[in-house]
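Comments concern the structure below.
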Amino acid sequence: MDENNNEITTRERQILEWIQQDPMISQNDLADLAGISRSGVAVHISNLMKKGYLRGKGYIFPPQNHVTVIGGVNMDTYGVGVEPFTAKTSNSGHIYHSIGGLGRNISLNLRKLGIFNYFISVYGDDADGEQFKVDATNHDMDITYSKQLMNEKTSSYIYLNQPDGERFIGLDDMEINDRLTPELLEARSEVIRHSRAVIVDTNLPEDTIQWVVTHFDGPVLAKAVSLAKVGRLQSSLSSLNTLVINGIEAPVLVETVPGDKESALRCAQELVDTGVENVFLYVDNIGTVYANRQQHIFLPQPDIHQKNTNGAGGAAIAALVLAAVNGLDFKQTAQLAAAAAYITSESPDSVNEAMSTDLIQKKIESLF
């Protein structure tokens, strides 16, 4: 076959990009976007199939052995105080802007740890949404099954951290995540069904989390986020393989407030008693607990300089997937997740750009 026959035209590339944003998009919708007839779209799709750019129902087939992450993407604006904050006055500090969002952070951490994954989210057609697409490309993230929504604004999050990295206050504008519906996932059921594991965060509506645990037969891991959203896990706890949660969020689901080693262990056990198979609980200034029905391990927080604790849980859950993929034992798994969390908290960003399996191993050796 002549090489030139495989060249993609400008119109075909445009249609391919729309399909990559929404693999289940209809030919009628593509026709409306392109301003051409449906039959014209059909010709372009046929050409793309002949040239090897598209295949079969849903246009794109996922590779085997992938992980699927379903959650939020934000534009983050955050400040870090030079001194502890004083209310009702200006405070000196440093202000940062970056692409974030729990689901996005988990997906990026997985990529940095060498685990291919699809990230499913929704984002707007605004400047932040366009920046997210560029950021995903730059980080080799696959957002094929995410959906860009027209006339919508991308989720955003503003927060302030104390000098020691602890959250002082946050404000989120994330109504777009309500569009992460069971219907949207139903259209992506093939990529979800063929996953080796699915990770969700509580930016998802409760009925969407329920859809995942009832339609996916493999391990479902969940990362709690926000006191206002943790309760969305309540009806799905007994179906979770793993829950990653912090000491502030955990009391929404159980009675014990973790404030020291003993109460942290008790809190983790109460979470296991809800039916969750494995629990990774991290408590600021105390340490981490990894627990299941048979065993538990407590790792006290080391003496490190934390710059930003936002993102620690996302790194931990990515590390837990890495541990499962590599068949690590219980203790090794706990250490891997804790080390990943601490590596992240030492960076001003919600995902440490230096994150890697080698760096985690070095951190384990230095800490444990």
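The values are calculated or read from the model by the stated rules, or taken from the named source; none is laboratory data. Since we're looking at a predicted model, the values are computed, not measured. Don't worry about glycine lacking a Cβ; one is built from the backbone with ideal geometry, like all the others, and counts go over all protein chains shown. Note: accessible area is taken over every heavy atom of the protein model, side chains too, but ligands, DNA and RNA are not part of it. Shrake-Rupley method; radii C 1.70, N 1.55, O 1.52, S 1.80 Å.
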Can you work out the FRET efficiency for the pair residue 294 and residue 325, with r the C-beta to C-beta distance and R0 = 25 Å, to the nearest 0.05? 0.75
Restricting to Cα pairs under 8 Å and 6 or more apart, the percent relative contact order of region 163-290 works out to 18
Once neighbouring chains are kept in place and the probe is 1.4 Å, which whole percent of the accessible area of region 75-128 is contributed by carbon and sulfur? 52
Extended-chain gain in nm, criterion 0.36 nm per residue less alpha-carbon gap, residue 164 and residue 90: 24.8 nm
Working from Cα positions, state the angle (0 to 90°, nearest 10) between the long axis of helix 357-367 and the longest principal axis of the chain. 0
Solvent-accessible area per residue for the chain at a 1.4 Å probe radius, Å²? 45
Electrostatic dipole magnitude of the chain [Cβ: Lys, Arg +1; Asp, Glu -1; Cα centre; debye, to 20]: 680
I'd like the FRET efficiency for residue 261 and residue 365, computed as 1/(1 + (r/R0)^6) with the beta carbon distance as r and R0 of 30 Å, rounded to 0.05. 0.80
In whole percent, and with a 1.4 Å probe on the protein chains, what portion of the accessible area of region 267-322 is carbon and sulfur? 41
Electrostatic dipole magnitude of region 102-161 [Cβ: Lys, Arg +1; Asp, Glu -1; Cα centre; debye, to 20]: 240
Just order 195-203, 27-35, 89-97, 287-295 by mean Cβ neighbour count inside 10 Å, highest at the front, would you? 195-203, 287-295, 27-35, 89-97
Restricting to DSSP H runs of at least four residues, report the calculated mean residue ellipticity at 222 nm for the chain, -39500 (n - 2.57) per run over all residues, nearest 500 deg cm²/dmol. -10500 deg cm²/dmol
Whole angstrom only: what separates the Cα centroid of region 154-184 from the Cα centroid of region 330-353? 21
By a straight-distance test (C-alpha under 25 Å), which lysines pair with residue 88 as possible cross-link partners, with residues fewer than eight away in the same chain excluded? 307
Ranked packing of 246-255, 129-138, most packed first, by mean Cβ within 10 Å: 246-255, 129-138
Packing-wise, with mean Cβ within 10 Å as the measure, how do 139-145, 324-330, 336-342 rank, highest first? 336-342, 139-145, 324-330
Checked against a 29 Å limit on the C-alpha separation, the offending pairs among 133/229; 229/363; 261/331; 112/229; 223/261 are 229/363
FRET efficiency for residue 116 and residue 285, using Cβ-Cβ distance with R0 set to 35 Å, rounded to 0.05: 0.50
Two pseudo-spin positions, 7 Å from Cα along C-beta at residue 34 and at residue 97, lie apart in nanometres by 3.5
